[in-house]
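The numbers here are math on the coordinates, done by the rules we state, and not lab data. Fair warning: this is a prediction, and the values are worked out from it, not measured in the lab. Counting neighbours? That spans all protein chains shown, and the Cβs are built from the backbone with ideal geometry, glycine included.
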Amino acid sequence: MTGPATATPTVHTVLGPVPAAELGVVAVHEALLSVLPGAQHAHDIDFDRADIFTTLLTKLRDFRAAGGGTLVDATGMFHGRDVPLYENLSRASGVHIVASAGLGPENLLGGYFLTPQTNPPTPWPADKFADLFTQEITEGMVVPRVERRGPAGLVATAANPDGMTATEESLFRGAARAGRDTGVAVSLRYGKDAVADLDIALDENLPADRIVVGGLDRRDAVAAGVVAEIARRGAYVALDHVGTEDDEHLSDAERAALVRALVDAGVGHRILLSSNATGVAQGHPARDIPFGHVLTGFVPQLTAAGIADDTVQRILTANPQHLLGVR
């Protein structure tokens, strides 16, 4: 006798569920429309929605022409996420778009989320954040003053690079509980200590392979030697500033060498790549990198580093598909 058939995992996109195997090449950490909270009300910022749509559509079509299939908007809630806009962009471009729930870091939270909940004052408890994020998955993402739309496909949260605050620990625990209870993956952008921040999510009984730790092409993470350790624990490691070369991050040549080292260490099945590019930014500088830079500018460097084509394709397709499939 054969056992019961295993259902094919699906991914929550803005246009509905899509089998994970149909996502194609995935950019796992990008931003379509990124708005510093409050900038949408500033008198000196031109918020022309037609121009925003045209700009983003051009960038998404370029991504698709480069070989991209799916873009994950990892900005989370209340930082410009516009679900109806993303629906229209997905229809017009042919690119699957995954939108995210989640908040953080603390300095970008609105005052409501910093309001003490007890006497004496304490941060929002993790359960409140968990309920907030879970509703975005089970009932649909909030569209301000209108309704809820489709479910979020990821819970994304971040900590302060100077070190996690008490509120951010609540955020991480809430995100982990929401992911654990809904089967949606969780993206953690670590603060000062990537391993300690991962341990907070693992402490909530969220399986390691439902977690991606972002920003691991920061020089401090590489210097601390934690990238391979996190992958060996079973979490995904995101080198998600491809195309950025500054004092804080590796150069692309150094990234390619790191990917080679991780593959040689036997953890190639845990690598994810992205550029943290910004399609349109309001109220802060854009990270003006093409969404397809990983494909057009970085993959040739991986090939030059001696990484086999099938390994590169696994990193670009199978790894993110496994992460994003609801389980």
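Laid out as a table, the results:
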| item | result |
| --- | --- |
| Cβ-Cβ FRET estimate between residue 112 and residue 48, R0 fixed at 45 Å, reported to 0.05 | 0.95 |
| Residues 29, 269, 249, sorted so that the one with the fewest Cβ neighbours within 10 Å comes first | 269, 249, 29 |
| Neighbour net charge for residue 318 - beta-carbon separation under 12 angstrom, K R +1, D E -1 | +1 |
| Footprinting exposure proxy for 284, 293, 12 (fewest neighbouring C-beta atoms within 10 Å first) | 284, 293, 12 |
| Label selected from (i) 19.8; (ii) 20.4; (iii) 21.2, the criterion being Kirkwood radius over Cα pairs in Å as computed here | (i) |
| At R0 = 35 Å, FRET efficiency that the Cβ-Cβ distance of residue 196 and residue 8 yields, to 0.05 | 0.50 |
| Sorted peptide list for 175-186, 78-89, 294-305, criterion being average Cβ within 10 angstrom, highest first | 175-186, 78-89, 294-305 |
| Residue-span extension gain [residue 304 to residue 55] - 0.36 nm each, minus C-alpha spacing | 86.4 nm |
| Relative contact order of segment 85-175, defined on C-alpha pairs under 8 angstrom at six or more residues apart (%) | 36 percent |
| Using θ = phi - 60° and Karplus 6.51 cos²θ - 1.76 cosθ + 1.60, couplings along segment 101-109 (whole Hz; Gly, Pro as x) | 8, x, 9, x, x, 4, 5, 10, 7 |
| Stretch gain in nm, segment residue 131-residue 91, where the contour uses 0.36 nm per residue and the Cα spacing is subtracted | 11.4 nm |
| Neighbour-count order for 61, 91, fewest beta carbons within 10 angstrom listed first | 91, 61 |
| Under the span-like rule (Cα at least 20 Å along the axis, Kyte-Doolittle mean at least -1.0), DSSP H helices of the chain | 49-65, 166-182 |
| Over the chain, relative contact order from alpha-carbon pairs under 8 Å, at least 6 apart, % | 22 percent |
| GNM flexibility winner over the chain from 240, 220, 73 (Cα, springs under 10 Å) | 220 |
